[in-house]
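See below for the structure under consideration.
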Amino acid sequence: MTVMEQRGAYRPSPPPAWQPRMDPAPLLPDAEPYRVLGTEAAAKADPDLLRRLYAQLVRGRRYNTQATALTKQGRLAVYPSSTGQEACEVAAALALQERDWLFPSYRDTLAVVARGVDPVEALTLLRGDWHTGYDPYAHRVAPLSTPLATQLPHAVGLAHAARLKGDDVVALAMVGDGGTSEGDFHEALNFAAVWQAPVVFLVQNNGFAISVPLAKQTAAPSLAHKAVGYGMPGRLVDGNDAAAVHEVLGDAVRHARAGGGPTLVEAVTYRIEAHTNADDATRYRGDAEVEAWRAHDPVQLLERELTTRGLLDEAGIESARQDAEAMAADLRERMNRDPELDPMDLFDHVYAETTAQLREQRALLRAELEAEQNDQEGDLR
Amino acid sequence: MTTVAVKPATMAQALTRAMRDAMAADPAVHVMGEDVGTLGGVFRVTDGLAKEFGEDRCTDTPLAEAGILGTAVGMAMYGLRPVVEMQFDAFAYPAFEQLISHVSRMRNRTRGRMPLPITVRVPYGGGIGGVEHHSDSSEAYYMATPGLHVVTPATVADAYGLLRQAIASDDPVVFLEPKRLYWAKDTWNPEHPTEVEPIGRAVVRRPGSSATLITYGPSLPVCLEAAEAARAEGWDLEVVDLRSLVPFDDETVCAAVRRTGRAVVVHESTGFGGPGGEIAARITERCFHHLEAPVLRVAGFDIPYPPPMLERHHLPGVDRILDAVARLQWEAEG
Ligand SMILES: Cc1ncc(C[n+]2csc(CCOP(=O)(O)OP(=O)(O)O)c2C)c(N)n1
């Protein structure tokens, strides 16, 4: 007799009835990215909003070309252009109320500027004179985050804290398609869903993480699908359709504000330029793909909609262009001034109260700089 | 060791060649990381490997450092020799959990039954004008973790030789690549490329009699320049390149310090809690009676790595080294 036979026949007891915690169907994203421009939904869109989006898009595009030009002149150390992705950037900023918070990634300078941050201050990280040029509290914009996805848990924490305090504040956090592979992305989504935190996650799926295409990043049907496993809705939207992104983000923000919890929005878009001015995109993608996306340009999509419907004429286009030109001229002019830098700043703000050790190092640097100065003056004499 | 220098090459090229030769010699060697395949890495150090060995041997991974190192652990458990690239120093931090909790101690926890032959390549250090999170010197964190070898080449020959040794090592090696030396050209003998001292040995790069500069990686060229400049002041400086922080070569370092009686440790990572403190303590413990002056440190300031426009004030340069050398003399005089 085997041990099993000695013990008698094994009769499993029936498992308790299993119930899914919720019906996953409403959480699932649409099969196709949601679109407004060029569809019947466009007729319902508010013309004023469309015109505001347009003005910001034109500005955003100009900002991108100007910043890229500044890298060529050596005025900017590096610039990750968001050309082709302006609709996501602008809609992210315009979907929020003033009291809400934005948690941008390093490519999201445009969203930061559209939120009201000074264009030069938004570029300090990339110019290299300081890490974060703006006061995060002034416009409720967290510092641009260079390590990927690490700002997402911060957004969850801030939104949670606001709710604990009784404030109806929403946090919108931006991340790239590559960033969705990081552990921090998963942890942030899970916390947000468990806490029902008022957060909106915006994934700008621009096709690549530097050289790695989406197919090597995820095997999921879409990035929006990732939401369902955490228990939050996932929405898929055409990221080049400013009206659609604005509507979807607006819905998600309202849902969060009303206590409905987080949403994951995937905006399908494309990075027209290389990863940064230092990258060589010809190594990993062909021109034909880029050209196909150029034909689906966010600025032109909206411009066509507005002009076809008689909401924008040549004069309107020209005035948006001039406004963007003025912004670019101002940016250029201010970026062409040498930044004022004081090396002594290195020792400030490391701690609330500086340490004896840092005071010593500060004195050392001061002495070095004075010696340098004396040498130079000696040379001149 | 004499190596006939026959060919100029950059450190990046030597590193690529080391991986290529290791992959050709041993099918267990796999390279993986972000952008290492099609792009050849953001510094092009893995250029051509995917083409030559296929995407299974040189793999573009999803963007997740903990995942990269964590899966490398499993691959190593099953007999492969992963060579993992962390794109930049500060982007290795998500992988610290795997590195510290598993990679470094798997041999020890399993009483030697499960060694992990993983090489973790980390471009590190400043001086290239990188924005925030692209210039950290994280060697002290690695040094503080028992079970890891911590290696950092400063010459083209060492880049090749040490990387081959690291990949061949049955222990995990954190291989720190000084990114500002990637493009530094040097002569190198590709016929006998592995003819360098083994991991764990320091090398005297410049003999001298007045004082010893002890350094590694990105600071080696700065120290050599300082030694040249010091000649004008009548100082004959010796320069020791550590090459390997763990294991540490007490013998070579102490022999050098005993000869000169004076030592300055130079590195760009922070001084407080930095590698220099450990090195100075070891020298003091072993050579106290030979010392004519306290062991000094010239290091980066104890601040988060500054933005690029200010980094020159932070990084130890020739003048700061010479000032320290002058202080050694003053200490000696009284
Ligand atoms: C934790 C971390 N790992 C690696 C990097 C290096 N890096 C910078 S951008 C980038 C690709 C990001 O791709 P994605 O998230 O799709 O954003 P996109 O650049 O497309 O906007 C990588 C790997 C980083 N910044 N942070």
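The values are calculated or read from the model by the stated rules, or taken from the named source; none is laboratory data. What you are looking at is a predicted structure, and each value in this text was computed from that prediction instead of being measured. FYI the Cβ positions are ideal-geometry reconstructions off the backbone, even for glycines, and counts take in every protein chain you see.
Checking the structure you have, find out if any residue of region B:68-75 is within 14 Å of another protein chain (Cβ to nearest Cβ), at pLDDT 95 or above and buried (at least 22 other Cβ atoms within 10 Å of the Cβ).
yes
For B:G33, are the conditions met, namely being at pLDDT 95 or above, over 21 Å from the mean Cα position of the chain (by Cα) and in the same structural domain as B:E177 (by the TED database)?
No; evaluated as a whole, the condition is false for this residue.
For region A:1-84, give me every one of the helices (runs of 4 or more DSSP H) that falls completely inside it and has 2 or more residues that are assigned by the TED database to the domain that holds A:D241.
A:41-44, A:47-72
Just wondering, is there one or more residues in region B:43-59 that are within 14 Å of chain A (Cβ to nearest Cβ), under 20 Å from B:A95 (Cβ atoms) and small (G, A, S)?
No, every residue in region B:43-59 fails to be within 14 Å of chain A (Cβ to nearest Cβ), under 20 Å from B:A95 (Cβ atoms) and small (G, A, S).
To keep it simple, each residue is scored yes or no on (1) more than 15 Å from the ligand (Cβ to nearest atom); (2) in contact (Cβ under 8 Å) with a residue 24 or more places away in the chain; (3) within 27 Å of A:F185 (Cβ to Cβ).
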position: B:F91; (1), (2), (3): no, yes, yes
position: B:P94; (1), (2), (3): no, yes, yes
position: B:E97; (1), (2), (3): no, yes, yes
position: B:I100; (1), (2), (3): yes, yes, yes
position: B:R109; (1), (2), (3): yes, no, no
position: B:M114; (1), (2), (3): yes, yes, no
position: B:Y124; (1), (2), (3): no, yes, yes
position: B:G129; (1), (2), (3): yes, yes, no
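Residue-by-condition table, conditions (1) within 25 Å of A:Q322 (Cα to Cα); (2) without any contact (Cβ under 8 Å) to a residue 24 or more places away in the chain:
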residue: A:Q6; (1), (2): no, yes
residue: A:Y10; (1), (2): no, yes
residue: A:P15; (1), (2): no, yes
residue: A:W18; (1), (2): no, yes
residue: A:L37; (1), (2): yes, no
residue: A:D48; (1), (2): yes, yes
residue: A:R52; (1), (2): yes, no
residue: A:R61; (1), (2): yes, no
residue: A:N64; (1), (2): yes, no
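If you check A:H186 against the conditions, is it assigned to a helix (DSSP H, G or I), more than 13 Å from the ligand (Cβ to nearest atom), within 14 Å of chain B (Cβ to nearest Cβ) and at negative phi?
So A:H186 passes the test.
What number of residues within region A:112-157 are more than 12 Å from the ligand (Cβ to nearest atom), aliphatic (A, V, I, L, M) and away from chain B (no Cβ under 12 Å)?
Number of matching residues: 11.
Taking the condition at pLDDT 95 or above and more than 16 Å from the ligand (Cβ to nearest atom), does A:V175 pass?
For A:V175, the condition - at pLDDT 95 or above and more than 16 Å from the ligand (Cβ to nearest atom) - is not met.
Among the residues that make up region A:185-201, is at least one of them without any contact (Cβ under 8 Å) to a residue 40 or more places away in the chain and surrounded by 24 or more Cβ atoms within 10 Å (Cβ to Cβ)?
yes
Can you name every residue in region A:189-211 that is within 8 Å of the ligand (Cβ to nearest atom), touching a His at 6+ places or on another chain (Cβ under 9 Å), part of a strand (DSSP E or B) and more than 14 Å from A:P147 (Cβ to Cβ)?
Hit for region A:189-211 is A:F208, nothing else.
Is it the case that region B:158-176 has a residue that's part of a strand (DSSP E or B) and of a type in the set (S, T, N, Q)?
No, there is no match, as no residue in region B:158-176 is part of a strand (DSSP E or B) and of a type in the set (S, T, N, Q).
Given the conditions (1) of a type in the set (G, A, S); (2) outside any helix (DSSP H, G or I); (3) touching a strand residue (DSSP E or B) at 6+ places or on another chain (Cβ under 8 Å), report the number of the one that A:G259 does not fulfil.
The number of the failed condition is (3).
From the list A:A224, A:A258, which one is assigned by the TED database to the domain that holds A:R294, surrounded by 24 or more Cβ atoms within 10 Å (Cβ to Cβ) and more than 10 Å from the ligand (Cβ to nearest atom)?
The unique qualifying residue is A:A224.
Could we say that A:E305 is in a loop (DSSP other than H, G, I, E, B), of a type outside the set (S, T, N, Q) and away from every other protein chain (no Cβ under 14 Å) here?
Considered against the rule, which asks whether it is in a loop (DSSP other than H, G, I, E, B), of a type outside the set (S, T, N, Q) and away from every other protein chain (no Cβ under 14 Å), A:E305 comes out as no.
Condition first: more than 16 Å from the ligand (Cβ to nearest atom), farther than 17 Å from B:K179 by Cβ and of a type in the set (D, E). Now tell me which residues in region B:17-64 satisfy that.
B:D21, B:D26, B:E52, B:E55, B:D56 - these are the residues of region B:17-64 that are more than 16 Å from the ligand (Cβ to nearest atom), farther than 17 Å from B:K179 by Cβ and of a type in the set (D, E).
Give the number of residues within region A:264-287 that are over 25 Å from A:A171 (Cβ atoms) and either within 12 Å of the ligand (Cβ to nearest atom) or of a type in the set (S, T, Y) (or both).
11
Given the criteria within 23 Å of A:T276 (Cβ to Cβ) and away from chain A (no Cβ under 14 Å), does B:T16 qualify?
In short, yes.
Residue by residue through region A:215-256, note down the ones that are more than 14 Å from every other protein chain (Cβ to nearest Cβ) and assigned to a loop (DSSP other than H, G, I, E, B).
Passing the criteria: A:P221, A:S222, A:A224, A:H225, A:G231, A:M232, A:P233, A:G239, A:N240, A:D241.
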